[in-house]
Amino acid sequence: MFYKGILKILILILCANSIQISFAQKVRIIDNKGTLKTIINNKVTTSETAPETALLGDIWFDNTIIDKIKTKIYDGTNWKLVNTKVELLLDLTNSQKLALILPTETSTSEITTPTDGMLLYSSGNNNAYLRSENTWKPIAYNSVKNELIFDGDDDADSSNDNYRYVSLIVNGNWKVIRYNKNDINVEDVATINNNPSQSTQPTSLAVCASLTY
């Protein structure tokens with residue numbers, strides 16, 4: 001009988017240890033008010049390979065590609081990727097300041113399905129862009145070149161006499177501004193967005209006057 005009692009105690013100890021291992025995330029603590037609480041103490045791992053022993057809610061930073069670390073959470077069966085669409089990386093190589101590295105494309109036009117709120121660096125224009133109000137807006141600086149000025153008086157169409165046109169390239173995209181000679185506060189703008197058939201910069205008065213503003 002004595003040995004049977006010892007055997008039962010050993011079995012109970014083994015079961016208790018098994019339960020403790022299976023639910024290692026749950027820890028009971030006493031807060032500053034003296035209340036006993038149970039909290040989840042998840043494990044965080046950074047490695048190229050998945051942790052061999054994982055419990056629900058554990059986090060794994062997969063650094064197989066060191067400059068594109070993937071965040072994964074264990075759902076009890078598999079490791080689920082939680083940042084599939086995140087391309088924004090934190091540069092920790094600078095010892096004095098921290099910088100965000102934006103995803104880079106040659107041009108904003110390479111984003112086939114843009115959505116408001118996107119951030120992108122254009123290596124072709126050497127500028128950063130924010131997608132807002134269904135258009136890419138530069139957030140660093142504007143690169144302006146190929147400025148051309150036309151006076152509406154210089155053609156036979158009298159309806160253009162009150163206007164001056166400035167055609168230019170801004171951050172790689174053409175833009176024409178129509179100024180009203182009678183009111184300096186009136187400016188109308190034409191771009192490829194409202195003139196999709198005009199793919200290149202307008203370089204004549206006739207073309208500038210025919211645009212949609």
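The values are calculated or read from the model by the stated rules, or taken from the named source; none is laboratory data. Every value quoted in this text rests on a predicted model; they were computed, and no experiment measured them. Please note: Cβ atoms are built from the backbone with ideal geometry, for glycine as well, and neighbour counts cover all protein chains shown. Ligands, DNA and RNA are excluded from the accessible area calculation, which covers all protein heavy atoms including side chains. Shrake-Rupley method; radii C 1.70, N 1.55, O 1.52, S 1.80 Å.
Values for this structure:
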read-out	value
Selection count where residues are in contact with a helix residue (DSSP H, G or I) (Cβ under 9 Å, 6 or more places away or on another chain), without any contact (Cβ under 8 Å) to a residue 40 or more places away in the chain and not acidic (Asp, Glu), scope region 132-157	1
Hits in region 125-138 - residues which are surrounded by 14 or more Cβ atoms within 10 Å (Cβ to Cβ) and not hydroxyl-bearing (Ser, Thr, Tyr)	ASN125, ASN127, ALA128, LEU130, ARG131, TRP136, PRO138
Residues of region 107-120 classified as open to solvent by 80 Å² or more (accessible area, probe 1.4 Å) and either among the basic types (Lys, Arg) or within 19 Å of VAL170 (Cα to Cα) (or both), total	2
Unique match (being part of a loop (DSSP other than H, G, I, E, B) and either over 30 Å from ASP67 (Cβ atoms) or open to solvent by less than 80 Å² (accessible area, probe 1.4 Å) (or both)) among ASN193, ASN146	ASN193
Residue that is nearest to ASN171 (Cα to Cα), among those in region 72-106 that are surrounded by 15 or more Cβ atoms within 10 Å (Cβ to Cβ) and modelled with pLDDT of 85 or more	GLU105
Odd one out for VAL170 among (1) modelled with pLDDT under 95; (2) over 23 Å from ASN134 (Cα atoms); (3) open to solvent by less than 80 Å² (accessible area, probe 1.4 Å)	(2)
Complete set of residues in region 176-213 that are closer than 21 Å to ASP153 by Cβ, free of Cβ contacts under 8 Å to residues at least 24 places away in the same chain and of a type in the set (Gly, Ala, Ser)	ALA190, SER210
